Structures are given as structure tokens and as C-alpha cells.
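Quick notes on the structure that follows.
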Amino acid sequence: MKCIGVLTSGGDAPGMNAAIRAVVRAGLHAGVKVIGVRRGYHGLIHGEFQVMTPRSVADIIHRGGTILRTARSEEFRTPAGQQRALDNIRQQQLEGLVVIGGGGSMRGGLALSDLGVPIIGVPATIDNDLVGTDVSIGFDTATNTVVDAINKIRDTATSHERIYVIEVMGRDSGFIALHAGLAGGAESILVPEIAFDLDDVCRRIVDGYQRGKAHSIIVVAEGAYGSPGAAKNGESAGFRVGKFIREKTGFETRITVLGHLQRGGTPTVQDRILASRLAAYAVELLLEGEDRLLTGMVNNQLRATPLDDILGQTKELDRSMYELANVLASV
């Protein structure tokens with residue numbers, strides 16, 4: 001190959017810039033021209049290309065977000081949109097493409113692969129819900145952001161002897177809630193994958209206060225109490241859980257929705273290293289003639305998994321972690 005492209009798509013994740021940097025520099029080191037595509041698949045359709053140089057990616061490894069920007073494209077879902085993207089790829093003489101993003105981004109990559117464009121995916125999603133890798137780029141940073149928020153909220157919760165319900169991202173996936181809840185010492189963690197009883201949550205809160213606890217922290221994934229899109233009266237999962245607890249226990253309860261705060265910020269060391277390794281590996285695979293693969297880290301080893309095998313699969317939570325969190329919060 002003489003020329004490859006790189007794009008970021010879907011929701012942004014801390015570490016995407018480190019991944020872009022690795023693709024560009026690994027490609028240039030191998031003597032390959034690298035072209036960046038701005039605004040993901042939208043940019044492919046509308047010809048938003050830029051030739052990348054070493055200076056294009058200087059001083060970005062520590063920055064959140066993505067210098068290539070990202071956008072969702074309904075037009076790319078259509079055959080006409082995909083054909084326009086293909087025409088632009090051919091015009092730019094791109095011989096392969098590194099796609100950095102989550103599940104939706106990988107499905108878009110497969111559509112291009114079906115049209116003859118070699119694709120290697122790099123998992124970047126704070127939800128950490130892609131099968132084929134133990135951890136996705138952005139997850140560690142997002143989880144640390146949530147834990148930092150829990151630490152700050154706990155100070156206020158203790159001072160005022162209140163219950164705090166903290167809603168985190170995770171419409172279909174409870175990885176952020178579980179990991180941050182365990183690390184932050186939450187009294188209860190509510191996730192979409194595991195059924196729960198709010199009456200039991202309230203009993204645990206009351207029991208805790210009777211044992212002398214000054215506060216309770218409840219971490220709720222946004223999809224844990226029904227889809228946000230189906231929220232009753234427009235209320236999010238966190239607000240509905242908080243209202244139930246307040247009415248059931250009579251305790252003063254506050255709700256904090258962290259929202260997109262979790263997407264931003266300087267990526268952690270782990271995310272910078274993970275992004276660098278996975279993205280450089282993606283370039284290596286492309287130059288070896290591979291296609292339709294997702295780079296991943298499994299048991300701290302680089303692994304390439306066929307995209308066709310992982311999309312549509314559900315990544316399982318570690319139930320033992322969930323049980324441990326309950327045990328540690330029960331006394």
C-alpha cells in the first residue's frame with residue numbers, strides 16, 4: 001500500500017487523538033502516505049480530506065476529543081451515500097482505511113469493505129461494550145472522571161447527611177457504572193444487564209443509616225431503569241431512581257447527571273498507551289493486506305478479531321465484580 005486513510009466516527013472518546021497520532025506516525029514510518037478524513041463518514045461523502053504530516057499530529061497525544069472531528073451521518077446509511085464515499089476514496093487513491101470508533105462505526109466500515117475497501121477497526125468508546133477487546137479506548141479516562149466526581153460528591157453527601165444518586169453514561173452497557181461504582185465505594189450500583197429491586201435498594205439505605213452511615217451513594221447507568229428514550233415524563237433513570245428513594249425512605253435525596261462530562265478531558269496514561277498500541281497495530285495489519293478486523297487487547301496481548309464475528313454480540317459484565325461491590329457495601 002502507498003496511501004491509507006484514518007477517520008474517527010460516532011461519539012468521541014479520550015485517547016482518539018493518541019490513536020490518530022499512532023496511525024499517522026506508524027504509516028509515515030512505513031513509507032505510506034496518510035490522509036485524514038474529517039467528520040467521519042460524513043467527511044467521506046463530502047470530500048473532507050487532509051494530508052497528514054508528523055506536524056499534523058504534534059502535541060495532541062494529551063488532548064481529549066478528536067482533531068479530525070466526528071459526526072453522525074444518516075446519508076452514509078444509504079447505498080447512494082456509500083457510493084459517494086467510495087468514489088471519493090478512489091479519487092484520493094486510498095488503498096485502506098483505519099476506522100476509530102464504536103460499534104456503529106465498525107458497521108460503517110464493513111459496508112465499505114463490502115465495496116472493496118480494506119478496513120481495520122480500532123475500538124474507541126467509553127461504554128467499553130465492544131467484543132474482541134478487554135478494554136476500549138476512552139473507558140479508563142471516563143471511569144476515572146466518574147470516580148473523581150463521586151469523590152467530590154461524597155464530601156457534600158457526608159457534610160449534609162444526604163443520599164446522592166449519580167447517573168452515568170451507559171444506555172445498554174453498565175461497564176462505567178460498575179467499575180466507577182466499585183472504585184468509588186457506592187452503596188448500590190444499578191446497570192441495564194442485571195435486574196434489581198428498588199425496594200431492596202431502599203432497605204439497604206435504611207439499614208446503612210441504622211448502622212451509623214452518614215450518607216449513601218447510588219450509581220445508576222442511564223439505561224438501568226428503562227431506556228432514556230422511553231423515560232416517563234421525560235425523566236432520566238437517575239431522576240426516577242432518586243424520586244423513588246426519596247418517596248420510599250423519606251430521606252433527603254439529590255440527583256446528579258454527569259452526562260457528557262464523561263467524554264472529555266485529558267486521557268489517562270492507560271488510554272494513551274492503549275490507543276498507541278491498537279492504532280499502530282491497525283496500520284501493521286493493513287499493510288499486511290488484512291481486512292475486516294478489529295484490533296484489541298486481550299489479557300494484555302494484541303489481538304485481531306474478525307469484525308463479522310463480534311458485531312451483534314453482547315459483551316458480558318463481570319458478575320463477580322458486581323457481587324463484590326454488593327458485599328463490600330453491605331456492612
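With angles folded into 0 to 90 degrees, how steeply does helix 237-249 sit against the dominant principal axis of the chain? Use alpha carbons for both and round to 10. Helix 237-249 sits at roughly 10 degrees to that axis. Kirkwood radius for region 73-123, taken over all pairs of different Cα atoms as the inverse mean of 1/r, rounds to 11.0 Å. If you average 1/r over all unlike Cα pairs in the chain and invert the result, what Kirkwood radius do you get in angstrom? Over the chain, the inverse of the mean reciprocal pair distance is 20.8 Å. Against the main long axis of the alpha-carbon atoms of the chain, helix 269-287 sits at an angle near 30°. A simple count of charges around ARG203, restricted to other residues whose Cβ falls under 13 Å of its Cβ and scoring Lys, Arg +1 and Asp, Glu -1, yields -2. Compare LYS315, LYS152, LYS33 in a GNM of the chain, Cα atoms joined below 10 Å, and give the one with the largest fluctuation. Result for the chain, Cα springs under 10 Å: LYS152 fluctuates most. Highest-first packing order for the peptide set 141-151, 79-89, 126-136 is 126-136, 141-151, 79-89, based on the mean count of other beta carbon atoms within 10 Å.
Angle of helix 16-29 to the longest C-alpha principal axis of the chain, folded into 0 to 90 degrees and rounded to 10: 20°.
Charges were assigned to the Cβ only: +1 to each Lys and Arg, -1 to each Asp and Glu. The resulting dipole of region 140-263 about its Cα centre is roughly 280 debye.
Annotation: the antiparallel percentage among DSSP beta bridges lying fully within the chain is about 20.
Net charge dipole, the chain: roughly 860 debye, given to the nearest 20, about the Cα centre with Cβ charges of +1 for Lys and Arg and -1 for Asp and Glu. By DSSP, the beta bridges lying fully in region 172-311 are antiparallel in about 60 percent of cases. Taking only the Cα atoms of region 140-263, the radius of gyration and Dmax are 13.2, 38 Å.
Positive contributions from Lys and Arg (+1) and negative ones from Asp and Glu (-1), summed over other residues with Cβ under 15 Å from the Cβ of PHE49, come out at +3. A Förster radius of 22 Å combined with the Cβ-Cβ distance from ASP87 to ARG107 puts the calculated FRET efficiency at roughly 0.60. Net charge of the neighbourhood of LEU7, taken over other residues with C-beta under 10 Å away and scored Lys/Arg +1, Asp/Glu -1, is +2. A full extension of the chain between ASP199 and THR266 corresponds to an added length of 20.2 nm, given 0.36 nm per residue minus the alpha carbon distance. Ranking of CYS202, CYS3 by neighbouring Cβ atoms within 10 Å, starting from the fewest: CYS3, CYS202.
I'd like the distance separating the alpha-carbon centroids of region 259-294 and region 184-206, in whole Å. Their Cα centres are 34 Å away from one another. Ordered from longest to shortest, the equivalent ellipsoid semi-axes for region 264-331 are 31, 18, 10 Å, each the square root of 5 times a Cα gyration tensor eigenvalue. Placing +1 on each Lys and Arg Cβ and -1 on each Asp and Glu Cβ, with no other charges, gives region 243-306 a dipole about its Cα centre of roughly 500 debye. Working note: Karplus 6.51/-1.76/1.60 with θ = phi - 60° gives region 293-298 the couplings 10, 10, 6, x, 10, 10 Hz, where Gly and Pro are set to x. Give me a comma-separated list of calculated 3J(HN,Hα) values for region 110-125, in order, Karplus coefficients 6.51, -1.76, 1.60 applied at θ = phi - 60°, integers in Hz, x for any Gly or Pro. Coupling constants for region 110-125: 5, 4, 5, 4, 4, 8, x, 9, x, 10, 10, x, 10, x, 9, 7 Hz.
Bear in mind these aren't lab numbers, they're just calculated from the coordinates by the rules spelled out. Everything numeric here is computed off the predicted structure, so don't read it as measured data. Glycine gets a Cβ as well: all are built from the backbone with ideal geometry, and neighbour counts include every protein chain shown.
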